[in-house]
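What follows is a single structure, written as C-alpha cells, with notes after it.
The values are calculated or read from the model by the stated rules, or taken from the named source; none is laboratory data. As the structure is a prediction and not an experimental result, all values here were calculated from the model. Here Cβ is always computed from backbone atoms with ideal geometry, including for glycine, and neighbour counts include all displayed protein chains. Note: areas computed on protein heavy atoms with side chains; ligands, DNA, RNA excluded. Shrake-Rupley method; radii C 1.70, N 1.55, O 1.52, S 1.80 Å.
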Amino acid sequence: MRYLFGPVRASYAESHLRQARQAGDCLCFNVEPGGDLQIGLNDRWEDVRARLPAEVQLDAIVLALDYTAIPRAIWTQPAPIVGLASDWDLLWHHYRRQLRRCDLVLTGAAGAARMRQDGIDHVQAVNLAGCPRRIAESSEAETARDIDILFVGNLNMNVQRARLPWLARLARLGRKFRVAIHTAVAEDEYPKLLRRARIVFNRSRQQ
C-alpha cells in the first residue's frame, strides 16, 4: 500500500514514519518546504500529481487534521482519504466538516463515540499517541535516576483543567519523594528527563 501523509514537518516524518518512507510505502507532504513533497494550499491536484514520480500510484491519503489547513488539491484527488483526528475535544468545530469529507476517520475511543453520536459512522477508535522514534530507539547511556516521579506536559487550565488536581496531589508527594513537574520542555531535553525518572506520570484528557 502506497500513501501520502501530511501535512507534517520533516522532523515528524523522520521521527514517526522513517521505516515506511525508506520502504517506499509513504511520502510525506507539507505546505512549507521540506519533507518529500510540498503542496500549496491553493495548488491543483493536476499540478501535485506532476511532481510525483510517474510510477507512484497512491492507494490512500492520510491526513493529520489537527492544527493545520488542508490543501484544496487533497479533497479533489481520487484516492480514499483517512483522517487522523487527535485532540477532537479541542478541535470539534474545526473537524466537523472535514471529517465528513474523509472516507475513514481514526481517533481515540471517546472521540469515536462522540462522532458516532453526531452521525459520523465511518470512524474507528485507535491510539494516536505513539512514542517518538528518538525516544524508543535512543542510544543514550543510562543516567542516575535522581527523579522519583516526573511529569512533563501542558499546565494550561483552559486545556487541561482536569489534570491540575492530579498534579496537586503529585506535588504533595514531594514531601517524601523527589518530584519534578515540567512544562514547555525543549524537544531534545524531554528524553533526558525521562531517563532520569523512576516513575513517569501523565493524565490525558482522552481517558
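Below are the figures for this structure:
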quantity	calculated
Positive minus negative residues near Arg203 (Lys, Arg vs Asp, Glu; Cβ under 12 Å)	+4
D_trans [Stokes-Einstein, Kirkwood Rh over alpha-carbon pairs] for the stretch 7-66, 25 °C, 0.890 mPa s, µm² s⁻¹	201
Sum of side-chain charges, Arg114 neighbourhood, beta-carbon under 13 Å (Lys, Arg +1; Asp, Glu -1)	-1
Segment Leu91-Arg203, length gained on full extension (0.36 nm per residue, minus Cα span)	38.4 nm
Cα pair distances of the chain binned at 10 Å [whole percent]	7, 27, 30, 23, 10, 2, 0
Estimated translational D of the stretch 37-134 in µm²/s (Stokes, Kirkwood radius over Cα pairs; 37 °C; 0.692 mPa s)	225
Sum of side-chain charges, Asn156 neighbourhood, beta-carbon under 12 Å (Lys, Arg +1; Asp, Glu -1)	+3
With every protein chain in place, the chain: carbon and sulfur % of accessible area (1.4 Å)	50
Over the stretch 88-207: Kirkwood hydrodynamic radius from C-alpha pairwise inverse distances, Å	16.9
Probe 1.4 Å, accessible area per residue of the chain, Å²	59
Residues Arg116 and Arg9, FRET efficiency given R0 of 35 Å [Cβ-Cβ distance, rounded to 0.05]	0.65
Cut-off 11 Å (backbone N to label point 7 Å along Cα→Cβ of Asp66), residues of the stretch 99-124	107-108
Computed log₁₀ I(q)/I(0) - Debye formula, equal Cα scatterers, no solvent, the stretch 148-202, q 0.29 Å⁻¹	-1.21
